[in-house]
Amino acid sequence: MDHGENPVSIELQESAEPVPQLLKLISSNEVADFDSIMEGETPVFPNPTNSSQPDGHQRKLSISISMPSSPTGATSAGTKNVLFVQDNAKGFKNGVPESCVGSKAKPKGVKFLSQPMPKGSVFWEGANMNQNPNVKKFKDKRFDSFKTWSGKLERQLTNLRGRQQESESEDDSVRPSENEALPVDRYFDALEGPELETLRASEEIVLPDDKTWPFLLRYPISSFGICLGVSSQAIMWKALATATSTKFLHISLTVNLILWWISVALVAIVASIYLTKVILYFEAVRREYYHPIRVNFFFAPWISLLFLAIGVPPSVASSLPVALWYVLMTPFLCLELKIYGQWMSGGQRRLSKVANPSNHLSVVGNFVGALLGASMGLKEGPIFFFAVGLAHYTVLFVTLYQRLPTNETLPKELHPVFFLFVAAPSVASMAWANIQGSFDYGSRIAYFIALFLYFSLAVRINFFRGFKFSLAWWAYTFPMTGAAIATMRYSSAVTNVVTQTLSVILSVVATLTVTALLVTTILHAFVQRDLFPNDIAIAISDRKPKSHRRWFNLIRHGSSEHNADIDTFLKFANGDTKDIEAALKISSAEAK
């Protein structure tokens, strides 16, 4: 056989005859010039024992194959006869039998037919099997109910690629209503604990609990507490450099400048991540907003911006425009009209029902805004917010002090939020001093209240020990920093060794606390990667679970309230008892 390329001609001839038998003996004379050898020629066949062939060897063997047009057409009645010949084969001219050259019928030309790849082909299935696990987690349809577009764009792109879509009936059965917010009753029915963060044993969540959720779904609004702690440090070091009572420390404003720029970068990063969550997972943000406790943390982003405005270094801006104050205080007014109205109107969101130390965030913003407005030279606006904050802080303070017997005590993990008691009176003392023009008796009363609360919590060391690190620890930071700044203001009015020493001590404690928490947060976020667990509070179902799941959840979680009934169930649900419901109907009294 020649070593050069020898093209093969393929002729497809339509056949209307039925499918031939699998084996059929035919004579070579039935087809003109098929597998025939002219007289006088010696047939040459390849040596089966020797794979090598001499040069100039000519193969004069033709093959006829009957095969379907495609694998999918194997059952069709018509078949296509495919004839493979060589260009120089005997009895053929240009791939056409010589018997057909002189005939009037024009032979059919060579056709190359390509069959379309069916939908759901092996190619796509193989590609999906080799996908990255992170991509699989991102495309998990169980998270579609929290996506802003509910995965509609992804389904449209999938249809364009020709892939078959699975039935959406199962997804719709577990998907919550996309246009209706969860009623507040569901939060109290499905969650327990003072912060409403723990799922009840009889409840289920709409997101998978056996895997880690996407990062944005685990990123809570309480992350802005980090911004509060760092930005308040910029204010404290500015006060250390400018206060008359701390001039002996010779603190440079460079520290304030560095901390302020760090705070700006941190606020920008945290806000950008949460804004991305708003865009991609709006349903998760809405559930946080309607959460009776989480809604208080929506004040934190705006308080952080107020802290940046108060702590701005003189080298960056010697004065701020008055319009900035009105822009920053508008969100406070809108949120307070909603939350304070709910406290007063009653229902499930009444203050006696949702009272929690995190409610201080909704109050302290009034005093921070009054402090900034008074420093700008405003009068009426700061007094208005100071009055609103003072009225609601008094009500909140009394409500938290005399918690009803039905209210649950805070677990150890949430003990740091008790320091929020110190934040409001500390900032209120400085705000009233700016409004009045001096650190008078009103400011001193508020400062002494804050100082007493600070010491009453600081001496209870065991109260703040023995629990795992979480974002709640940042509740230590800006109340401590606020107390240190208020002490400097008081020391400037009453200057002596005691007040100056107290200012330095509280400043050092606040700085060490913020530094330690910042380092610990970085380690848990990037090294241990356990800073943001699955946020169970936003994944509750919009309807109560079925009753038949209740017993299995109780057995799994071991609820103490139903131990007697569980023992009865296990006693009578033996091998002879086929009906579980019958075993459940047996009361504990009958079992005895």
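The values are calculated or read from the model by the stated rules, or taken from the named source; none is laboratory data. Worth saying up front: this structure is predicted, and the values here are computed from it rather than measured. Backbone-built Cβ (ideal geometry, glycine too); neighbour counts: all protein chains shown. These area figures cover heavy atoms from the full protein model, side chains too; ligands, DNA and RNA do not enter into them. Shrake-Rupley method; radii C 1.70, N 1.55, O 1.52, S 1.80 Å.
What's the FRET efficiency of Arg286 with Phe452 using the Cβ-Cβ distance as r and R₀ = 41 Å, to the nearest 0.05?
FRET efficiency, Arg286 to Phe452: 0.55.
Would you work out what percent of the accessible area of the range 309-389, with all protein chains in place, is carbon or sulfur (probe 1.4 Å)?
Carbon and sulfur: 66 percent of the exposed surface of the range 309-389.
Rounded to the nearest Å, what's the spacing between the alpha carbon centres of the range 504-543 and the range 341-402? Just the number, please.
26
Once you order the gyration tensor axes a ≥ b ≥ c over the Cα atoms, which shape class does the range 436-545 get: rounded for a/c under 1.5, otherwise prolate or oblate by comparing a/b with b/c?
Cα axes put the range 436-545 in the prolate bin.
Using the heavy atoms of the protein chains alone and a 1.4 angstrom probe, what is the accessible area of the range 265-325 per residue in square angstrom?
So the range 265-325 comes to 38 Å² accessible per residue, rounded to a whole number.
Rounded, prolate or oblate: which fits the range 320-463, taking a ≥ b ≥ c as square roots of the Cα gyration tensor eigenvalues, rounded meaning a/c under 1.5, else prolate when a/b beats b/c?
Because a/c hits 1.5 or more and a/b fails to exceed b/c, the range 320-463 counts as oblate.
Given a Förster distance of 30 angstrom, what is the FRET efficiency for Arg218 paired with Cys334, based on the Cβ-Cβ distance and rounded to 0.05?
Result of the calculation: an efficiency of 0.65.
Ignoring any ligand, DNA or RNA, what whole percent of the accessible area of the range 216-274 comes from carbon and sulfur when the probe is 1.4 angstrom?
After summing per-atom areas, the C and S share lands at 78 percent.
Could you compute the FRET efficiency for Arg460 and Val322, with r as their C-beta to C-beta distance and R0 at 41 Å, rounded to 0.05?
0.40
Answer rounded, prolate or oblate for the range 224-279, using the Cα gyration tensor with square roots of eigenvalues a ≥ b ≥ c: rounded when a/c is under 1.5, else prolate when a/b is larger than b/c, else oblate.
Here the range 224-279 falls in the prolate category.
Looking at this model, which pairs from Lys211/Lys277; Lys238/Lys468; Lys211/Lys468; Lys277/Lys544 are more than 23 angstrom apart at the alpha-carbon?
From the list (Lys211/Lys277; Lys238/Lys468; Lys211/Lys468; Lys277/Lys544), the Cα-Cα distance tops 23 Å for Lys238/Lys468; Lys277/Lys544.
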